[in-house]
Amino acid sequence: MHLPRLVLASTSPYRKELLERLGISFETAAPDLDESPLAGETAGDTSLRLAIAKARVLANQYPDSLIIGSDQVALLNGEQLGKPGNHERAVHQLSKMRGHTLAFHTALCLYNTGTGQEQHCVDITRVTMRDYTDAEIESYLLREKPYNCAGSAKTEGLGIVMIAAIEGKDPAAIIGLPLIELITMLKNEGFPLL
């Protein structure tokens, strides 16, 4: 049986590590697109639009392939928090998040470039932050440097110290790739996992 090529449309080391858990062969490719939210767009809409765009933008490079696109947007009191990019913005994000609950919208798209079939979903994980101090923010950022993570707190690392509770259906979603939904999508495409 000929299996389609599996491509992860991401250069995120966290998403790559998550997909490696499934023990399947895949490639990674960098989707080149503007990830800015659009005016009036909800966090779920932004993450889903970007996940779909990441998968579609690579379609011409990978014919007859299954392309996985994923994106994550954190929402705090109606404000979208993306990747901070630098230390100052990460301090600002973590200060605003202190003692609050955020909703992480992690979107997933599986695009079959051979058939045009597309499956997608948005997983929502609620994360309650501890009431940490300014000194703890600085210490955490200097040790972890989570400047490429939405909301600045990496649950798979030292960021777990900043978190009081996580509520969601898929523990992988908060890291950036909803594996439970991806497994369902791959099964729908007849892609064997076991």
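Any read-out appearing in this document is the output of simple, stated calculations on the displayed coordinates, not a laboratory observation. All values derive from a computational prediction rather than experimental measurement. Don't worry about glycine lacking a Cβ; one is built from the backbone with ideal geometry, like all the others, and counts go over all protein chains shown.
Of the chain, which part is the longest with no trypsin sites (Lys or Arg not before Pro) in a loop (DSSP not H, G, I, E, B) and with at most 12 other C-beta atoms within 10 angstrom? Looking at the chain, 22-168 is the longest stretch - no exposed trypsin sites (Lys or Arg not before Pro) with at most 12 other Cβ atoms within 10 Å. Where is the GNM fluctuation largest for the chain (alpha-carbon springs, 10 angstrom cutoff): Ser12, Ser36, Ser65? The residue with the greatest mean-square fluctuation here is Ser36.
Mean-square fluctuations from a GNM of the chain, with a 10 angstrom spring cutoff on Cα atoms, peak among Leu66, Leu38, Leu108 at Leu38.
Taking a ≥ b ≥ c as the square roots of the eigenvalues of the alpha-carbon gyration tensor, the chain is classed prolate because a/c is 1.5 or more and a/b outweighs b/c. Rank Leu177, His2, Pro63 by how far each Cα sits towards the positive end of the charge dipole of the chain (+1 on Lys, Arg Cβ; -1 on Asp, Glu Cβ) and give me just the farthest. Result: His2, furthest along the dipole toward the positive end. Springs between Cα atoms under 10 Å define the GNM used for the chain, and in it the highest mean-square fluctuation of Ile137, Ile67, Ile52 occurs at Ile137.
Summing Cβ point charges (Lys, Arg +1; Asp, Glu -1) relative to the Cα centre of segment 5-188 gives a dipole of roughly 200 debye. Angle of helix 134-144 to the longest C-alpha principal axis of the chain, folded into 0 to 90 degrees and rounded to 10: 30°. In order along segment 8-21, phi translates into HN-Hα couplings of 8, 7, 6, 10, 5, x, 6, 5, 4, 4, 5, 5, 4, 4 Hz, rounded to whole numbers, per the Karplus curve 6.51 cos²θ - 1.76 cosθ + 1.60 with θ = phi - 60° and x for Gly and Pro. The string of couplings for segment 40-57 from the Karplus curve (6.51, -1.76, 1.60, θ = phi - 60°) is x, 7, 6, 4, x, 5, 4, 5, 5, 4, 6, 4, 5, 4, 4, 5, 5, 5 Hz, one whole number per residue in order, with x for Gly and Pro.
Residues in segment 67-73 carry Karplus couplings, in order, of 10, 9, x, 8, 8, 9, 10 Hz; the curve used is 6.51 cos²θ - 1.76 cosθ + 1.60 with θ = phi - 60°, and Gly or Pro positions show x.
Distance from the C-alpha centroid of segment 23-55 to that of segment 108-147: 13 Å, rounded to the whole angstrom.
Here Lys145 is the anchor, and the lysines within straight C-alpha reach of less than 24 Å, apart from those fewer than 8 places off in the same chain, are Lys16, Lys83, Lys96, Lys154. At Val161 and Asp64, where each label point lies 7 Å from the Cα along Cα→Cβ, what is the point-to-point distance in nanometres? Result: 5.1 nm between the two label points. Considering amide H positions built from the backbone, and no H for Pro or chain starts, which residues 5 or more places from Ser65, or on another chain, come under 5 Å of its amide H? Amide H to amide H, under 5 Å and 5 or more residues apart or across chains, Ser65 pairs with Thr113, Gly114.
Look at the dipole of segment 1-148 built from charges on Cβ: of Gln80, Ser95, Tyr140, the Cα furthest out on the positive end belongs to Tyr140.
Among Asp123, Asp45, a tally of other beta-carbon atoms within 10 Å of each Cβ gives an order, fewest to most, of Asp45, Asp123. Here the sum of -39500 (n - 2.57) over DSSP H runs of 4 or more residues, divided by the residues of the chain, equals -8500 deg cm²/dmol at 222 nm, to the nearest 500.
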